[in-house]
Amino acid sequence: MPPATTLERVHLPGNAASLAAAGGEGPVYALCGRPDIGQRDAVDLGGGLLCAVDLDGALRWSREVVWGADLRVSPDGGIWFIDRRVLCEVGPDGTPGRRIEPDGALPEEMLGAFVILDDGFLVAWGSQPYRGVRVERLDGEGKRRWSTELPVPGLSYRGVVEMRIGDSQSMRPMRPWTPTSMLVEGREGLLVSGDRALATFLDYSSGIGLSHCLDVDTGEHLWTTPPMPTGDRAIAGPGSFYIGAQGYGAFEMSLYDRDGRVVLQWPSHGRPLVSSRGRTRVIELENVLPSRSRVRRLHRDASMTDGPVLPGYYTAGPVLSSDGRAAFFRDGRLQTVDPDLNVRTLHTAEGWEGTGRMLLLDGGLLAFTLTQDWKVGSRFFFARTDLAPIDTGVWPCGEGNLRGNPVR
């Protein structure tokens, strides 16, 4: 019999949000909202805590920071995040590190995402009000190597309609519109695979966005997806990406090659996992209740293998272990799904929900955040399981690796 799975709440001096780790041995770094103002207000009020937690649950250190985004760990152990227009570093021992402020940003530009490269950074800028979007490459000192303005055509999508007030007969597809704002979409808003970078931007007023592909070395703009409801994205292989669309009737996952061709497409959408054997599983996400979402395997002939329907809506994880099992938390249950899509419940925690990423650390230890009240914020948990170490494929977890730095 495998050992019983335990779920342990780790007490932090704040409401946990973003998680990352330098490696499976820990510590886990958690970006938290200040406990006196709550997670929801932390962004506006500028308060946050960066905490380091050992794998036994002990708090190693905590440091006050301006609330940031995109918590990423560099190969040298530095912990990086965004403070408005500045890239900030905290050392592995909790001491303050470098601060890099890119030059030349316009007042309406917002630093929306970044990744760490071997010799510097790649950053993506949105704007509100909309004045354009761009991607910029910086060296290790923050000096610009290149900056590329990206085209944003008039947005449109077949499911977006307009009509005169009180006149349902006048309903028709909405004519192309210029966005009022265009911001970087989510924590996978910037991905790098080989010499290709994928930057995704979203018009939040409509939920319609698009992705741009650039040459990492030169900044040359190579191709753009059609406007679509944005969904989950992942690195699929050298220079290739999974790009999902969900909403307005769309429910699909497409595989784009390095030249922008859609080489495969499936009627499924969700959080992908790509194993070291190149096999892809998806924990589906659809804005429909009761749930119709499943675990599915996506095959290279555009067919799918269906797993069971997954009750609930929100999902924390998934993360893939090298023994072929993927773990996730959904509908108050910590679950695994094996390569044959058999789902097993490891632990039940009624009333808890989660949405963020999940880390698989040494000894089968899972780290993730859950909440019982979205207004209050998330709590940090460890689950001790018999899972093997994290898989070595190109996308074994959200953001591509334990460091939270989606670069391959």
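Hey, does the stretch 195-218 have a residue that's at pLDDT below 85 and either touching a Pro at 6+ places or on another chain (Cβ under 9 Å) or surrounded by fewer than 14 Cβ atoms within 10 Å (Cβ to Cβ) (or both)? Show your work before the answer.
Filtering the stretch 195-218 down to residues at pLDDT below 85 leaves none.
There is no residue in the stretch 195-218 that is at pLDDT below 85 and either touching a Pro at 6+ places or on another chain (Cβ under 9 Å) or surrounded by fewer than 14 Cβ atoms within 10 Å (Cβ to Cβ) (or both).
Restricting to the stretch 203-234, count the residues that are β-branched (V, I, T) and farther than 17 Å from L191 by Cβ. Outline the logic, then answer.
Filtering the stretch 203-234 for residues β-branched (V, I, T) gives 208, 216, 218, 224-225, 230.
Restricting the remaining residues to those that are farther than 17 Å from L191 by Cβ gives 208, 218.
Residues in the stretch 203-234 being β-branched (V, I, T) and farther than 17 Å from L191 by Cβ: 2 in total.
Criterion first (of a type in the set (D, E, K, R), open to solvent by 20 Å² or more (accessible area, probe 1.4 Å) and more than 30 Å from R379 (Cβ to Cβ)) does R145 satisfy it? Please lay out each step first, then the result.
Numbers: of a type in the set (D, E, K, R): yes; open to solvent by 20 Å² or more (accessible area, probe 1.4 Å): yes; more than 30 Å from R379 (Cβ to Cβ): yes.
When the stated conditions are applied, R145 passes them.
Please indicate, with yes or no, whether at least one residue in the stretch 259-273 is aromatic (F, W, Y) and closer than 15 Å to A197 by Cβ. Reasoning before the result, please.
Start the filter on the stretch 259-273 by keeping residues that are aromatic (F, W, Y), which leaves 266.
Now drop any that are not closer than 15 Å to A197 by Cβ, which leaves none.
So far as the stretch 259-273 goes, no, none of its residues is aromatic (F, W, Y) and closer than 15 Å to A197 by Cβ.
Of everything in the stretch 68-93, what is farther than 24 Å from T200 by Cα and in contact with a Leu (Cβ under 8 Å, 6 or more places away or on another chain)? Give them in sequence order. So that I can check it myself, show each step before the final result.
Our first condition is that a residue be farther than 24 Å from T200 by Cα; within the stretch 68-93, this holds for 75-78, 89-93.
If the condition is that a residue be farther than 24 Å from T200 by Cα and in contact with a Leu (Cβ under 8 Å, 6 or more places away or on another chain), then V90 is the only one that fits.
Just for the stretch 57-101: of the residues that are within 17 Å of G142 (Cα to Cα), basic (K, R) and touching a Cys at 6+ places or on another chain (Cβ under 9 Å), which one is least open to solvent (accessible area, probe 1.4 Å)?
Per the criteria, the residue is R98.
Only one of (1) small (G, A, S); (2) in contact (Cβ under 8 Å) with a residue 60 or more places away in the chain; (3) not in a loop (DSSP other than H, G, I, E, B) fails for G57. Which number is that?
(3)
Which residue pairs have Cβ atoms under 9 Å apart, sit 6 or more places apart or on different chains, and have a first residue in the stretch 122-146 that is hydroxyl-bearing (S, T, Y) and a second that is exposed (fewer than 14 other Cβ atoms within 10 Å of the Cβ) and at pLDDT below 95?
Cβ pairs passing all conditions: S127/L106; Y130/T178; Y130/T180.
Which of the following residues is at pLDDT below 95, closer than 28 Å to G48 by Cα and acidic (D, E): D373, D362?
Working: D362 fails: at pLDDT below 95.
Going through D373, D362 in turn, just one is at pLDDT below 95, closer than 28 Å to G48 by Cα and acidic (D, E): D373.
Residue-wise test of (1) among the aliphatic types (A, V, I, L, M); (2) without any contact (Cβ under 8 Å) to a residue 24 or more places away in the chain.
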| site | (1), (2) |
| --- | --- |
| T305 | no, no |
| F329 | no, no |
| R333 | no, yes |
| L361 | yes, no |
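For (1) touching a Ser or Thr at 6+ places or on another chain (Cβ under 9 Å); (2) open to solvent by 50 Å² or more (accessible area, probe 1.4 Å); (3) closer than 17 Å to V394 by Cα, each residue gets a yes or a no:
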site: Y314; (1), (2), (3): yes, yes, no
site: V319; (1), (2), (3): no, no, yes
site: F329; (1), (2), (3): yes, no, no
site: Q335; (1), (2), (3): yes, no, no
site: D338; (1), (2), (3): no, no, no
site: A349; (1), (2), (3): no, no, no
site: G356; (1), (2), (3): yes, no, no
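Sort out which residues of the stretch 358-397 are in a loop (DSSP other than H, G, I, E, B), open to solvent by 20 Å² or more (accessible area, probe 1.4 Å) and not aliphatic (A, V, I, L, M), and write them in order of number. Before the answer, list the steps.
Of the residues in the stretch 358-397, the ones in a loop (DSSP other than H, G, I, E, B) are 358, 372-377, 385-389, 391-394, 396.
Now narrow it down to the ones that are open to solvent by 20 Å² or more (accessible area, probe 1.4 Å): 372-376, 386, 388-389, 392, 394.
Matches in the stretch 358-397: Q372, D373, W374, K375, D386, P389, T392.
Considering R233, R258, R300, which residue is crowded, with 23+ Cβ neighbours inside 10 Å, touching a residue at least 12 places away in the same chain (Cβ under 8 Å) and of a type in the set (K, R)?
Values: R258 fails: crowded, with 23+ Cβ neighbours inside 10 Å; R300 fails: crowded, with 23+ Cβ neighbours inside 10 Å.
The match here is R233.
The values are calculated or read from the model by the stated rules, or taken from the named source; none is laboratory data. Note that the structure is predicted; figures quoted are calculated from it, not measured. Methodologically, a virtual Cβ is constructed for each residue, glycine included, from the backbone with ideal geometry; neighbour enumeration extends over all protein chains shown. All accessible areas refer to the heavy atoms of the entire protein, side chains included, with ligands and DNA or RNA removed. Shrake-Rupley method; radii C 1.70, N 1.55, O 1.52, S 1.80 Å.
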